[in-house]
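J.: A single structure is presented below for examination.
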Amino acid sequence: MHKKSIKVFFLVAVMISTLSSCGELQQIASTSSQDKNSTNSQSSSAKNTEISQAEANSGVKQALNSALQNSIKSLSVKDGFLRDEAVKILLPPQAQKVEKTLRSVGMGNAVDKFIINMNRAAESAVKEAGPVFVNALSQLTVQDAFNILLSGQNDAATNFFKRTTSDELNDKFKPIIQSALGKYQVDTYWTQLTTAYNGLPIAQDKIETDLNTYVTLQAINGLFTKVAGEELKIRDNLGGARNTDTLKKVFDWVDKQKK
């Protein structure tokens, strides 16, 4: 009888120990799950808060300023427009349709000089973009910065510039280009070309393009094309374009948001 009691006691002890162990395991599992959820939550939170608002704002401004300065530098030199097929200013659309005809009637040299000097006029104007862009950057808000960083568009920063500077750039560029058109005798070549074509018996539609407006618009479009290219270099980190600690931190963070 005594031995039987000892056995019963032993079995009860084992059961209690087993139940206790199960409870501990459940508690550990529960704690582990909580820790995992907490870690995931912290990881998710870190993903969204690795950069401060000030860093985001500064990163976008640095990117835009770098893109602008590099673009102005490359476009404002001799042949900056002319030797770059992406931004080279060609004959106005009306004249493009009849370029072959103009060359066939001995106006080839005038056509070539006209194209060269339109591009010279653009080169002389583009350097004036600096102050306009600086003013736009001063108006950049934190919300603008995050929209630019997280839009998913590789030219989001460039589009911000387009939206905020196009009208002012047009006002700045137009008188400079008008002066340059006279300096490089573009108006003279244009008059020669249009007069020669409009006087031909085959001329059905007269060429009447507003040359100053056309060259101004092409110069602005060319500038934005270059800025977009520079922005892409920073976003894709091409050629070490993320050349400051802020650019590296901010755009590395943007890369993580895509994963």
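The values are calculated or read from the model by the stated rules, or taken from the named source; none is laboratory data. Keep in mind it's a predicted model, so treat the numbers as computed, not measured. Please note: Cβ atoms are built from the backbone with ideal geometry, for glycine as well, and neighbour counts cover all protein chains shown.
J.: Within region 220-231, can one find any residue that is under 19 Å from residue 118 (Cα atoms), buried (at least 18 other Cβ atoms within 10 Å of the Cβ) and over 18 Å from the mean Cα position of the chain (by Cα)? Give the steps one after another, and end with the answer.
T.: The initial filter retains those residues of region 220-231 that are under 19 Å from residue 118 (Cα atoms), namely 220-226.
Applying the additional criterion that residues be buried (at least 18 other Cβ atoms within 10 Å of the Cβ) yields 220, 222-224, 226.
From what is left, the residues that are over 18 Å from the mean Cα position of the chain (by Cα) are none.
Looking for residues that are under 19 Å from residue 118 (Cα atoms), buried (at least 18 other Cβ atoms within 10 Å of the Cβ) and over 18 Å from the mean Cα position of the chain (by Cα), one finds none in region 220-231, hence no.
J.: Let me ask something else. Does region 102-116 include one or more residues that are at pLDDT 90 or above, over 15 Å from residue 221 (Cβ atoms) and not charged (D, E, K, R)?
T.: yes
J.: So, residue 250, is that one assigned by TED's automatic domain parsing to the domain that holds residue 92 and over 16 Å from the mean Cα position of the chain (by Cα) or not? Walk me through it before giving the result.
T.: Numbers: assigned by TED's automatic domain parsing to the domain that holds residue 92: yes; over 16 Å from the mean Cα position of the chain (by Cα): no.
So residue 250 does not fit the description; no.
J.: While we're looking at this one, here's another question. How many residues are buried (at least 18 other Cβ atoms within 10 Å of the Cβ) and either touching an Asp or Glu at 6+ places or on another chain (Cβ under 8 Å) or not in a helix (DSSP H, G or I) (or both) when one looks only at region 250-259?
T.: Total meeting the criteria: 2.
J.: Go through region 98-156 and report how many residues are within 29 Å of the chain's Cα centre (by Cα), among the aliphatic types (A, V, I, L, M) and over 24 Å from residue 177 (Cα atoms).
T.: 8
J.: Of everything in region 227-249, what is part of a loop (DSSP other than H, G, I, E, B), in contact with a helix residue (DSSP H, G or I) (Cβ under 6 Å, 6 or more places away or on another chain) and acidic (Asp, Glu)? Give them in sequence order.
T.: Within region 227-249, none qualify.
J.: Here's another thing I want to ask about it. Report, ordered by the first and then the second residue, all pairs with beta carbons closer than 8 Å, sequence separation of six or more or different chains, a first member in region 206-226 that is outside any helix (DSSP H, G or I), and a second member that is of a type in the set (A, V, I, L, M).
T.: Cβ pairs passing all conditions: 207/95; 207/98; 207/193; 209/95.
J.: Let me ask something else. Would you confirm whether or not region 77-100 contains a residue that is of a type in the set (Asp, Glu) and in contact with a Leu (Cβ under 9 Å, 6 or more places away or on another chain)?
T.: yes
J.: Of the residues 223, 232, which is in the same structural domain as residue 159 (by TED's automatic domain parsing), over 14 Å from residue 87 (Cβ atoms) and at pLDDT 95 or above? It would help to see each step written out before you state the result.
T.: Values: 223 fails: over 14 Å from residue 87 (Cβ atoms).
Step by step, each of 223, 232 is checked, and only 232 is in the same structural domain as residue 159 (by TED's automatic domain parsing), over 14 Å from residue 87 (Cβ atoms) and at pLDDT 95 or above.
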